[in-house]
Structures are given as structure tokens and as C-alpha cells.
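The values are calculated or read from the model by the stated rules, or taken from the named source; none is laboratory data. On a predicted model such as this, the values are computed, not experimentally measured, just so you know. Here the Cβ positions follow ideal geometry from the backbone for every residue, glycine too, while neighbour counts run over all protein chains shown.
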Amino acid sequence: MDKYGPIYHFPSIGDPPPLSIPFIGINYCTPHYRNVRSPSKITVIGCVLSGHGRVRVNTDSRRVNPGDVFVLRSGCDHEVISEAEPDEPWTYIWYNIHSHWALNVLEAYRLLTTVVVPDASVEHLFRQGIEWAESKTLEEMQGDLQLLFMQIVIRLSDIQRKRGELLSSLVQQIKLRLDNQLLQPFHTEQLVKETGISAKQLNRMFKKEMGTTIYNYVLTKKMESAKLMLIDTPLTVNEISEQLGYSDAHYFSNLFNKKTGMRPTAFRSHFAEQD
């Protein structure tokens with residue numbers, strides 16, 4: 001067996017709540033453990049207790065260590081791989097969130113494109129859910145887990161905000177501009193003109209501090225917004241393309257397919273099947 005550990009199930013009673021967390025558990029993973037969802041209909045958050053592993057969201061692959069929290073958002077390809085030593089399993093607590101609202105919550109707290117929050121110091125919150133699962137009723141757990149999830153998200157957001165303040169003033173300025181103009185066409189030339197720094201230098205500085213290029217940062221943010229629109233709004237693909245600053249819907253569709261592995265219409269249909 002590649003993994004073992006307790007799993008706790010909390011099925012909905014009556015109408016399903018906007019934010020549902022039907023499963024939580026602890027995984028003790030051997031060196032051979034690997035789990036892939038492509039694309040995933042659920043959002044998974046996990047806190048590493050011991051050992052080492054690797055998580056991937058689409059093409060963004062990160063190593064995770066004790067104390068790290070990982071966020072695998074729905075609508076993306078997920079891969080979770082153990083890098084455990086033979087005598088020490090990779091161990092983590094996980095929560096599965098079965099709700100499109102999870103993406104809205106992550107977006108509201110600026111965690112939509114976050115994959116790993118290193119050394120987050122929130123293990124006690126994750127363990128709280130496990131302790132409750134062994135002592136509380138099903139009715140209590142449904143509400144308490146939602147509140148606990150929000151506590152975790154707020155804590156992670158606060159950590160990211162404080163660490164973001166450590167960015168250089170120039171990278172902070174660029175990131176703020178990109179975030180605030182997400183629904184407009186993106187042109188590197190405008191950044192070059194505003195800063196007086198070459199595109200090559202800007203990219204080098206941005207990637208050093210943010211871990212990705214300016215173009216890929218913008219593209220990732222736009223495609224995550226597109227997913228939210230496809231899942232939560234009746235907007236057509238053409239309308240979503242225009243909302244995100246793409247005048248050519250076919251070009252937008254090709255970008256979306258390249259980034260997610262699915263055409264926008266197929267992505268929408270895939271998620272509509274679970275409703």
C-alpha cells in the first residue's frame with residue numbers, strides 16, 4: 001500500500017451548503033505514493049507534518065517540507081508525489097473542498113494562484129479538524145469545518161501579505177499594476193515606458209522575487225479568472241474573452257486550452273456535470 005491513515009467523511013444533511021468539506025484525513029505516504037487528478041473537480045489544502053513531497057498544479061511544481069501548506073485548486077491538473085525516505089513516511093493532513101465557492105474564497109484572499117505557503121505555522125488549525133472529527137457530531141462538523149477553513153485561508157493570506165511587503169518597491173509596483181489591470185490587454189512595452197527599464201531587466205527582477213515571468217504571471221491570473229467566469233457565470237466564451245482583454249475569442253480559447261488542457265466549453269461542461 002502506497003499510503004495509509006484515517007479518513008473522516010461528513011456527508012451533507014439537507015441542502016448542500018455553499019462551501020462543503022465532506023472529507024478530511026491524514027496521509028502517511030511511502031516513497032511510491034503518487035496521486036493525479038486531471039483536471040480536478042475539488043480543491044485540496046494540505047499541511048505537511050513530516051517528510052518531503054512534491055505537488056503540482058498544472059505546470060507549477062513545488063517541493064513541500066514540514067510546516068508547508070499546499071493549495072491545489074479545482075479546475076487544474078493536480079499531482080501529489082511522495083519523496084519520502086524508506087524509514088520515514090511523508091505525512092500530511094488534507095481537507096477536500098467540494099465547492100466552486102472555494103475558488104471565490106481563494107480569489108478574495110489573494111490566494112488563487114498560490115500553490116505553496118512555506119513554513120506557515122498553521123499545523124494546529126489543521127489538527128483541530130482531526131480532533132473535532134473524533135469528538136463532534138456530523139451537524140457540528142459541517143459548520144465548524146467551514147469556519148476552520150476560513151481561519152486557515154485568512155491566516156495564509158495574512159502570511160502572504162506580510163511576506164509580499166518584503167518585495168522590492170519596483171516589483172511591488174509592477175505586481176500591483178498587473179493585479180489592478182487584469183481585465184485590460186497586457187503590453188510589456190507600457191511597463192518599459194513607465195519604469196524606464198528594459199523588458200529583459202524587468203523580467204529578471206520580477207522572476208527572481210515572484211518565481212515566474214511577468215507574462216506568465218498575467219496569463220495565469222487571466223486564466224484563473226476565466227475559470228471562475230466559466231463556472232459561476234452564464235457569460236459566453238466570446239464575452240469572457242472580451243472581459244479579459246482578448247479581442248479574438250479563438251486566440252483566447254487556444255491560450256485557455258494550452259494552459260488547462262481543455263477548451264473553455266469543455267471545461268464548463270466538465271464542471272456542470274457535478275451540479
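Of the numbered conditions (1) among the polar types (S, T, N, Q); (2) closer than 27 Å to residue 263 by Cα; (3) not in a loop (DSSP other than H, G, I, E, B), residue 40 satisfies every one except a single condition; which is it?
(3)
Name the residue, out of 30, 43, 91, 59, that is within 12 Å of the chain's Cα centre (by Cα) and among the hydroxyl-bearing types (Ser, Thr, Tyr).
It is 43.
Run down 247, 198 and say which single residue is polar (S, T, N, Q), farther than 21 Å from residue 112 by Cβ and touching a Pro at 6+ places or on another chain (Cβ under 9 Å).
Exactly one of 247, 198 is polar (S, T, N, Q), farther than 21 Å from residue 112 by Cβ and touching a Pro at 6+ places or on another chain (Cβ under 9 Å), namely 247.
Which numbered condition trips up residue 25, out of (1) at pLDDT 90 or above; (2) surrounded by fewer than 15 Cβ atoms within 10 Å (Cβ to Cβ)?
(2)
For residues that are among the hydrophobic types (A, V, I, L, M, F, W, C) and free of Cβ contacts under 8 Å to residues at least 24 places away in the same chain, scanning just the stretch 92-133, find the one that is surrounded by the most Cβ atoms within 10 Å (Cβ to Cβ).
132
Being assigned to a helix (DSSP H, G or I) and in contact (Cβ under 8 Å) with a residue 24 or more places away in the chain is the filter; apply it to the stretch 261-275 and report the residue that is surrounded by the most Cβ atoms within 10 Å (Cβ to Cβ).
264
Restricting the search to the stretch 246-260, which residues are closer than 17 Å to residue 217 by Cβ, within 23 Å of the chain's Cα centre (by Cα) and either among the polar types (S, T, N, Q) or part of a loop (DSSP other than H, G, I, E, B) (or both)?
260
What tally of residues in the stretch 226-252 results from selecting those that are surrounded by 18 or more Cβ atoms within 10 Å (Cβ to Cβ) and either polar (S, T, N, Q) or assigned by TED's automatic domain parsing to the domain that holds residue 18 (or both)?
The total comes to 1.
Would a scan of the stretch 134-155 turn up a residue that is of a type in the set (Ser, Thr, Tyr) and closer than 16 Å to residue 23 by Cα?
yes
Check off (1) buried (at least 16 other Cβ atoms within 10 Å of the Cβ); (2) of a type in the set (A, V, I, L, M, F, W, C); (3) at pLDDT 95 or above for residue 7 and give me the number that stays unchecked.
(1)
Out of all the residues in the stretch 106-113, is one or more touching a helix residue (DSSP H, G or I) at 6+ places or on another chain (Cβ under 7 Å) and at positive phi?
yes
Restricting attention to the stretch 28-44, does a residue exist that is more than 20 Å from residue 71 (Cβ to Cβ), aromatic (Phe, Trp, Tyr), crowded, with 17+ Cβ neighbours inside 10 Å and touching a residue at least 24 places away in the same chain (Cβ under 8 Å)?
The answer is yes; a qualifying residue exists.
Is it the case that residue 67 is touching a residue at least 24 places away in the same chain (Cβ under 8 Å), touching a Phe, Trp or Tyr at 6+ places or on another chain (Cβ under 8 Å) and not β-branched (Val, Ile, Thr)?
So residue 67 fails the test.
As an exercise: evaluate residue 178 against (1) in the same structural domain as residue 60 (by TED's automatic domain parsing); (2) of a type in the set (A, V, I, L, M); (3) in contact (Cβ under 8 Å) with a residue 24 or more places away in the chain; (4) touching a helix residue (DSSP H, G or I) at 6+ places or on another chain (Cβ under 6 Å) and give the number of the one condition it does not meet.
(1)
So which residues in the stretch 161-213 are loosely packed, with under 12 Cβ neighbours inside 10 Å, under 30 Å from residue 120 (Cβ atoms) and of a type in the set (Ser, Thr, Tyr)?
169
For residues in the stretch 144-156 being under 17 Å from residue 101 (Cα atoms) and touching a residue at least 24 places away in the same chain (Cβ under 8 Å), which is surrounded by the most Cβ atoms within 10 Å (Cβ to Cβ)?
Per the stated criteria, the residue is 145.
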